[in-house]
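Please treat every number below as a calculation from the coordinates, not as lab data. In this text, all values refer to a predicted model and were calculated from it rather than measured experimentally. We place every Cβ from the backbone using ideal geometry, glycine too, and count neighbours over all the protein chains shown.
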Amino acid sequence: MTNSEHSTSKATLQTRSDVRLWANLCDIFTFIKQGLIAAKTTGTVAPSSRALALYMVETSQLALARTIVEFGPGTGAITEVILENAASNSIFLAIEINPEFATALRKKYPALHIFEDSAANVQTHLNELGVNSCDCIISGLPWALFEEPLQTQILDAAWNVLAPGGRFVTFTYFFSLWTRGGKRFRHLLNARFKNHVELSPIIWQNFPPARVYCATKLD
Ligand SMILES: C[S@@+](CC[C@H](N)C(=O)[O-])C[C@H]1O[C@@H](n2cnc3c(N)ncnc32)[C@H](O)[C@@H]1O
């Protein structure tokens with residue numbers, strides 16, 4: 001490589017990392033804004049870390065799934081890792097209730113099936129893509145902030161669309177386990193999945209630190 005080629009490729013790498021840094025800053029800005037104006041549905045002020053996303057994707061056995069659903073993708077922190085690991089012939093759809101997040105995500109991933117709606121309507125959107133069920137659901141929803149009717153409605157919808165053996169993976173901030181909404185969600189999740197639910201250790205490389213529930217539809 002000549003000196004000038006070397007400088008050009010270094011400059012290209014620098015530009016790419018600048019673009020990435022800028023994109024991450026934009027995501028954080030969008031989160032802070034939505035965390036303030038739509039606190040009850042956003043539930044946080046920062047996107048999930050790559051460490052948390054990788055843990056969720058591994059736990060979900062995503063690489064084996066033919067149909068994958070993401071609830072509440074936000075700015076796409078987990079979406080990115082799902083796309084990296086999903087089988088090339090799989091169907092992947094994301095359901096996001098917040099218009100600003102949905103618009104930002106469409107710009108990032110124009111080919112992705114993004115539905116601007118409540119996760120409660122997952123069955124309708126699967127049907128729109130010509131499928132009835134899915135093998136895995138990865139959720140970023142702020143369950144601990146939801147009232148009981150909404151927790152039940154979305155959990156029922158998730159259970160109904162999951163194929164036998166399918167996995168439902170979701171995270172919770174570690175302190176949410178002791179809140180009223182967090183305790184109720186844990187109880188409802190165990191009841192729905194007949195105690196086939198595992199809870200991970202704390203993932204410290206996330207802000208705030210989080211734990212991951214993995215529920216399997218066994219019977
Ligand atoms: C805690 S943020 C997680 C965002 C992203 N998955 C991440 O981990 O960085 C919660 C996300 O769920 C979305 N959300 C909240 N309620 C929802 C619902 N009923 N249906 C679909 N998305 C919802 C919010 O708009 C937000 O994007």
Set of lysines near residue 217 by C-alpha distance (under 18 Å), chain-local residues within fewer than 8 positions excluded
194
Contact order relative to length of the chain, as percent, for alpha carbon pairs under 8 angstrom and 6 or more apart:
18
Could you list 175, 185 so that the one with the fewest beta carbons within 10 Å of its beta carbon is first and the one with the most is last?
175, 185
Going by how many other beta carbons lie within 10 Å of each one, how would you line up 136, 214, fewest first?
214, 136
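Hey, fewest Cβ within 10 Å first, where do 88, 48, 118 land in order?
Details: 88 4, 48 22, 118 18.
Ordered by Cβ neighbours within 10 Å, fewest first: 88, 118, 48.
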Within the set 40, 107, 183, GNM on the chain using Cα springs under 10 Å gives the largest fluctuation to 107
Out of 113, 125, 187, any idea which swings most in a Gaussian network model of the chain, alpha carbons joined below 10 Å?
187
Return the lysines within reach of residue 33: Cα separation strictly under 25 angstrom, same-chain partners fewer than 8 residues apart disregarded; answer none if there are no such residues.
107, 108
